[in-house]
Amino acid sequence: MRALALLFALLPGAALAQQPRLPVVELSAGMHRIHAELADGFSTRMQGLMQRPELAQNDGMLFVFGAPTTVGFTMSTVPVGLDIGFYRADGTLVSTTKMAPCAKAENACPVYRADGPFSYALETLSGKLPAGSLSARSCPS
């Protein structure tokens, strides 16, 4: 399996397309192809999918951390239910959980955490998180 860390070290070699909101990266999970908005900076990770009722043509949002972390996620002002998968730097799955919408402020919403340290988190609409490890997809030649 091609490690996700390599994808972000060699980002120009990954399938990346500029979208109005965020860049999109193409990933694989098991037999599924995923187009995920890329949240790789502090402000984009903090904003996440807040106040977004849909993902346009994309399948989810990939949160990228520079080192393994145990940070939590909330659903503050996220109007739809989401599933989240937490992954190690090599793309192997740490854990998954379902997250319920929360119209309240961040400090009044439940915090969702992985079962251990992770480097990537993938959020998808509820019921759409594919099983298996994540890997980068190669660009077409």
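The values are calculated or read from the model by the stated rules, or taken from the named source; none is laboratory data. As the structure is a computational prediction, the values presented were derived from the model and not from experiment. Glycine also receives a Cβ, built like all others from the backbone with ideal geometry; neighbour counts cover every protein chain displayed.
Some notes on this structure:
- Residues that are outside any loop (DSSP other than H, G, I, E, B), buried (at least 18 other Cβ atoms within 10 Å of the Cβ) and either of a type in the set (S, T, N, Q) or modelled with pLDDT under 55 (or both), drawn from segment 38-78: 76
- Scan of segment 112-128 for residues that are at pLDDT 95 or above, surrounded by 13 or more Cβ atoms within 10 Å (Cβ to Cβ) and in a loop (DSSP other than H, G, I, E, B), ordered by number: 113, 114, 117
- Of the residues making up segment 79-92, those that are closer than 26 Å to residue 103 by Cα and either of a type in the set (Ser, Thr, Tyr) or surrounded by fewer than 17 Cβ atoms within 10 Å (Cβ to Cβ) (or both) number 3.
- Number of the exception - residue 96 against (1) under 21 Å from residue 24 (Cα atoms); (2) within 12 Å of the chain's Cα centre (by Cα): (1)
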